[in-house]
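Asker: Okay, here's the structure, questions in a sec.
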Amino acid sequence: MDAQQLPPVWANDVLGDVVISESEIASRVAELGAAITADYAGDPPLLVGVLKGAMAFMVDLARKVELRVDVDFMAVSSYGSATQSSGIVRIVKDLEADLTDRHVIVVEDIVDSGLTLNYLRKYLLARKPKSVEVCALLVKEGEQRVSLDLKYVGFTIPPTFVVGYGLDVAEQFRNLTGIFTYIGEGRHE
Ligand code: 5GP
């Protein structure tokens, strides 16, 4: 990938290499937006962003979809440790939109085990939408514990912990423009 983007000075001590640079994200997001535009031309979808991780992706993706889409957000919190999802999800903020007879696209930051998304899909399907599809920016290679049908995927990445472009550690680093591996405090020489 693009090794050109260096971590910014303010985060340089805890970040490793760039995994996906700002420019790579921008061109892939434009492709995903074009694909959604073509696929839903006759019946624009509701884009459902999953907070907070999908915040940057949702904002950029929605502006690349050239249709009369509407957007809504959910916030979920996953029980389990920071690095291991349990699959039991608590809805912290529910949708405001009525899903009945609507096409829905869930806009997700990253799919790791897939348990969060699996839960969300079932939860949304219970509201009688016309369809529920997923647009995930990142999917971790070989990590899925459930089989998921992901209609749109930005990038497949190795199973390392990453931050930036919405993804955090303890609520920080969401404002990085690219996606970087996280090394952590005190791990540099
Ligand atoms: P899953 O249920 O697929 O195992 O976990 C998905 C959620 O775990 C994501 O929405 C995200 O919040 C979190 N997550 C998984 N991998 C990473 C990662 O590499 N970095 C960060 N910051 N969060 C992650």
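The values are calculated or read from the model by the stated rules, or taken from the named source; none is laboratory data. Being a predicted model, the structure only gives us computed values, none of them experimental. Don't worry about glycine lacking a Cβ; one is built from the backbone with ideal geometry, like all the others, and counts go over all protein chains shown.
Asker: Considering only residues that are within 9 Å of the ligand (Cβ to nearest atom) and on the phi < 0 side of the Ramachandran plot, which ones fall in the range 89-131?
Answerer: If the condition is that a residue be within 9 Å of the ligand (Cβ to nearest atom) and on the phi < 0 side of the Ramachandran plot, then 89, 108, 109, 110, 111, 112, 113, 115, 116, 117, 118, 119 are the ones that fit.
Asker: A further question on this structure: If a residue has to be surrounded by 14 or more Cβ atoms within 10 Å (Cβ to Cβ) and either aliphatic (A, V, I, L, M) or under 20 Å from residue 50 (Cβ atoms) (or both) to count, how many in the range 169-181 make the cut?
Answerer: Looking only at that region, the number is 6.
Asker: Look through 155, 173 and report the one residue that is on the phi > 0 side of the Ramachandran plot and at pLDDT 95 or above.
Answerer: Only one candidate passes the filter, namely 173.
Asker: Sticking with this one: From (1) over 14 Å from the mean Cα position of the chain (by Cα); (2) in contact (Cβ under 8 Å) with a residue 12 or more places away in the chain, pick out the condition that doesn't hold for residue 134.
Answerer: (1)
Asker: Among what's in the range 111-168 and is in contact with a Phe, Trp or Tyr (Cβ under 9 Å, 6 or more places away or on another chain) and outside any strand (DSSP E or B), pick the residue that is surrounded by the most Cβ atoms within 10 Å (Cβ to Cβ).
Answerer: At the first step, the residues of the range 111-168 found to be in contact with a Phe, Trp or Tyr (Cβ under 9 Å, 6 or more places away or on another chain) are 133-139, 154, 160-167.
Narrowing the set further to residues that are outside any strand (DSSP E or B) leaves 160-161, 165-166.
Working: 160: 13, 161: 15, 165: 27, 166: 25.
The extreme case among them is 165.
Asker: Residues 153, 134, 163: which one is more than 24 Å from residue 8 (Cα to Cα) and within 12 Å of the ligand (Cβ to nearest atom)?
Answerer: Result: 134 is the single residue among 153, 134, 163 that is more than 24 Å from residue 8 (Cα to Cα) and within 12 Å of the ligand (Cβ to nearest atom).
Asker: To continue, here is another question. Quick check: is even one residue across the range 61-69 assigned to a loop (DSSP other than H, G, I, E, B), of a type in the set (D, E, K, R), buried (at least 18 other Cβ atoms within 10 Å of the Cβ) and touching a Pro at 6+ places or on another chain (Cβ under 7 Å)?
Answerer: no
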